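Taking it in order: structure first as structure tokens, then the write-up.
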Amino acid sequence: MAQADDPKRPTGPEQPEGEALLWPFSAAKLAMDACLWWLDRGSPEPGEATLDWTTANRIALDLPTMRLRDFSTRSGGQSALICAPYALHRALIADFAPDHSVVQSLQRGGIDRVYLTDWRSAAPDMRYFAIDNYLSDLNVAVDEIGAPVDLVGLCQGGWLSLLYAARFPAKVRRLVMVGAPVDLSIESALSRLVRNAPNAVYDQLVQRGGGNVSGEEMLRFWSRQLSPADIAVALQKELSDTEGAALLERFNRWNAETLNLPGTYYLQIVNWIFRENRIATGRFAALGRDIDLREVRAPLFLLAGLDDEVVPATQALATAHLVGTPPAFIAAASEPCDHLGLFMGARTHVHAWARVAEWLSSELVGALARSA
């Protein structure tokens with residue numbers, strides 16, 4: 001969690017709930033006031049994660065950008081690859097705790113082969129890694145698993161999954177996008193914040209991190225500390241009993257284990273995606289080829305949070321109008337939850353994630369092939 005108030009620490013106006021947990025951009029605004037205070041500080045590399053995974057897994061691949069984690073319970077059957085958000089926090093967001101785990105919800109829905117992108121914190125030699133590096137390693141992971149896969153993109157992992165599906169349409173059987181920002185012409189507090197901050201702020205943030213963006217700095221400068229009540233809303237769980245206290249402690253530890261981001265990757269997201277809206281407007285080039293979202297014809301499931309201030313439901317659901325998937329093969333659902341509640345909320349897992357798993361297991365693909 002963010003540190004208690006420090007009279008020496010600059011503060012900023014309150015930001016949308018959940019933004020500190022998943023988005024790196026808000027730190028730029030606070031960095032304007034903090035520039036001189038942090039000028040001589042280094043960018044420490046966070047250590048390895050200290051929290052155990054909820055679900056048993058093994059490392060299937062060890063790649064420059066990620067560890068590909070294999071949660072499969074058997075070798076046969078259709079595979080689902082969860083593309084975690086690569087932002088401030090670790091991929092444990094997808095396997096946080098029993099009844100709060102995307103991995104387990106998919107398994108309970110009958111999906112036996114489940115994989116996850118466990119993104120690495122950026123080391124100094126990763127400072128020039130770009131979005132293409134992450135798409136390239138995602139492609140290696142898909143080839144290792146065996147195409148076509150079902151891609152399940154969470155938050156920023158959603159737009160990365162969408163880019164991948166447009167670049168390699170034959171390798172994606174179905175696509176699930178959960179709380180994913182794509183069309184940034186649809187207003188949100190986050191998109192306004194990113195657009196309004198001066199360019200120099202972002203460049204300075206990268207320079208102070210030695211070419212990377214420090215997750216520790218972003219968390220340290222976050223001005224709004226989430227209360228136990230806020231966390232209870234996100235987890236959709238009463239936290240006053242013994243089990244709840246353990247969940248609260250686990251959340252606080254997860255929140256404190258931040259990731260550094262490569263500066264090049266970070267600036268591309270800020271400028272290309274949030275400021276210039278290149279994905280939605282057809283001006284994004286991925287791995288040497290211009291991306292046309294109309295090339296995405298795979299069945300699509302969009303999940304949004306009705307109380308999501310980071311990626312409003314209208315923004316999360318607008319992707320349906322950008323892709324080439326026939327409308328009959330686009331499913332959409334919204335849940336009464338905030339941003340984190342989409343991934344961690346107990347009720348969301350009972351309702352929405354059970355539906356996602358059922359949809360992934362249904363016979364839509366054959367019908368889509370016959371309609372093409």
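Before moving on, here are some points about what is shown:
- Accessible area of the range 279-319 belonging to carbon and sulfur atoms, whole % at 1.4 Å probe: 46 percent
- Entry comment: accessible area of the range 221-304 is 41 Å² per residue, from protein heavy atoms only and a probe of 1.4 Å.
- Once both labels are positioned 7 Å from their Cα atoms along Cα-to-Cβ, the gap between Ala285 and Asn196 label points is 3.3 nm.
- Surface exposure of the range 46-112, expressed per residue as accessible area with a 1.4 Å probe, stands at 37 Å².
- Packing rank of 282-291, 168-177, where each peptide gets the mean count of other beta carbons within 10 Å, highest leading: 168-177, 282-291
- Across the range 291-300, computed HN-Hα scalar couplings (Karplus, 6.51 cos²θ - 1.76 cosθ + 1.60, θ = phi - 60°) run 9, 10, 5, 6, 6, 7, 10, 5, x, 10 Hz from first to last residue, x flagging Gly and Pro.
- Of the peptides 305-316, 123-134, the order by per-residue mean of other Cβ atoms within 10 Å, starting with the highest, comes out as 305-316, 123-134.
- Apportionment of accessible area to carbon and sulfur, the range 121-196, percent (1.4 Å): 50 percent
- Where the range 139-215 is the region considered: accessible area per residue in Å², 1.4 Å probe: 27 Å²
- Between Ala245 and Ile59, the distance separating the two model label sites (each 7 Å from Cα on the Cα→Cβ line) works out to 3.5 nm.
- Extension gain, Ala49 back to Ala333 (0.36 nm per residue minus Cα-Cα distance, nm): 99.0 nm
- Sulfur and carbon atoms: percent of accessible area, the range 204-268 [1.4 Å]: 51 percent
The values are calculated or read from the model by the stated rules, or taken from the named source; none is laboratory data. Keep in mind that this is a model prediction, so the values were computed, not measured. We place every Cβ from the backbone using ideal geometry, glycine too, and count neighbours over all the protein chains shown. The area values use the complete protein model at the heavy-atom level, side chains included, leaving out ligands, DNA and RNA. Shrake-Rupley method; radii C 1.70, N 1.55, O 1.52, S 1.80 Å.
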